[in-house]
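Read the figures in this text as sums done on the coordinates, not as results from a lab. Computed from a predicted structure; not experimentally measured. Cβ coordinates were reconstructed from backbone atoms using ideal geometry, including for glycine residues, and neighbour counts include every protein chain displayed.
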Amino acid sequence: MKIIQYLINGISIGSVYAIIALGYTMVYGIAKMLNFAHGDVIMVGAYISFCVTNYLGLPVVVSILAAMAVCTLLGVLIEGLAYKPLRGTPSLAVLITAIGVSYFLQNAAQLIWSSSPKNFTSIVTFQPLRLAGGQLVVTGEVIYTNAASVIIMLGLTWFTTRTRTGKAMRAVSEDRDAAQLMGINVNQTISMTFAIGSALAAVAGVLLCSTVPTLQPTTGSMPGIRAFTAAVFGGIGSIPGAMLAVFCWASSRPSAKPISAPSSATRSCLPS
């Protein structure tokens with residue numbers, strides 16, 4: 001039973017990483033750049049949700065929508081101010097800039113919210129399911145994160161294959177110059193890609209800190225790197241491939257621990 005419980009725990013955190021990986025995949029597949037600040041956008045989304053629920057006292061749904069709105073705007077600003085001027089430059093310049101943006105967001109969060117960890121209240125309220133006489137525990141976070149990751153993956157697949165904007169994104173991914181000659185606004189398409197990826201980061205941040213409920217400025221760093229690594233393994237640029245790879249990686253981790261057990265304020269938001 002312990003093996004099955006570890007598998008459930010791995011799938012739980014894997015579904016969060018899958019949402020993170022989908023954001024990486026969207027940006028790389030279309031803009032052909034690695035946005036290593038993506039993990040820190042996750043952290044910003046979690047902080048916005050935390051502030052809306054704890055300081056303003058608004059419902060969870062409002063906090064998630066607010067986090068998505070702020071992260072969408074942040075993603076567009078990052079793309080416009082940091083990455084757009086570097087188009088056509090060597091990839092190393094973009095990579096160094098992404099790392100710089102990542103450190104900037106971490107230090108800005110530390111100045112605004114301090115470096116003290118905050119206890120993040122889970123967005124899930126119903127009781128966990130106890131199976132096999134209580135030996136297997138399936139928490140609400142497990143159900144929510146898995147459902148969210150599958151829905152997002154299917155939604156992105158439909159969006160990129162069926163909608164006009166999605167087809168424009170695929171055209172830019174294939175050949176940016178040819179897409180521009182066909183009348184596609186390349187700059188607007190890339191900005192839209194960053195907006196979608198950053199909105200997904202906000203959702204991932206809320207779900208991540210609902211699963212492991214401690215929030216701090218470095219919350220998104222390691223999950224972002226791990227999700228990126230798994231996305232590369234699954235074929236970065238492929239939405240289903242990235243998601244499948246993350247699930248396989250998370251479920252096979254030999255160090256998987258029962259992260260879905262009852263939480264404490266001292267638990268880190270970075271799974272071991």
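Extending 7 Å from Cα along the Cβ direction at Ser116 and again at Ile225 yields two label points whose distance is 2.8 nm. Each of Leu77 and Trp158 was given a label point 7 Å from its Cα along the Cα-to-Cβ line. The distance between the two points is 3.2 nm. Hydrodynamic analysis of the range 145-224 uses the Kirkwood radius over alpha carbon pairs. Inserted into Stokes-Einstein at 4 °C and 1.567 mPa s, it gives a translational diffusion coefficient of 90 µm²/s.
Both the radius of gyration and Dmax for the chain are 18.4, 64 Å, in that order, over alpha-carbon atoms.
Which values of log₁₀ I(q)/I(0), to two decimal places, follow from the Debye formula for the range 1-79 at q = 0.16, 0.22 Å⁻¹ with a uniform point scatterer at every Cα? So the normalised log intensities work out to -0.74, -1.01.
Expressed as an acute angle from 0 to 90° and rounded to the nearest 10, what is the orientation of the C-alpha long axis of helix 239-251 relative to the principal long axis of the chain? Helix 239-251 sits at roughly 30 degrees to that axis.
Of all stretches in the chain that contain no chymotrypsin sites (Phe, Trp or Tyr not before Pro) in a DSSP loop with at most 13 other Cβ atoms within 10 Å, the longest one is 127-272. Structural size metrics of the range 10-56, computed from C-alpha coordinates, are Rg and Dmax of 13.2, 39 Å. Remark on the range 61-148: Rg and Dmax equal 19.5, 60 Å (Cα only). In this label model, Gln127 and Leu95 are separated by 5.2 nm, measuring between points 7 Å along each Cα→Cβ vector.
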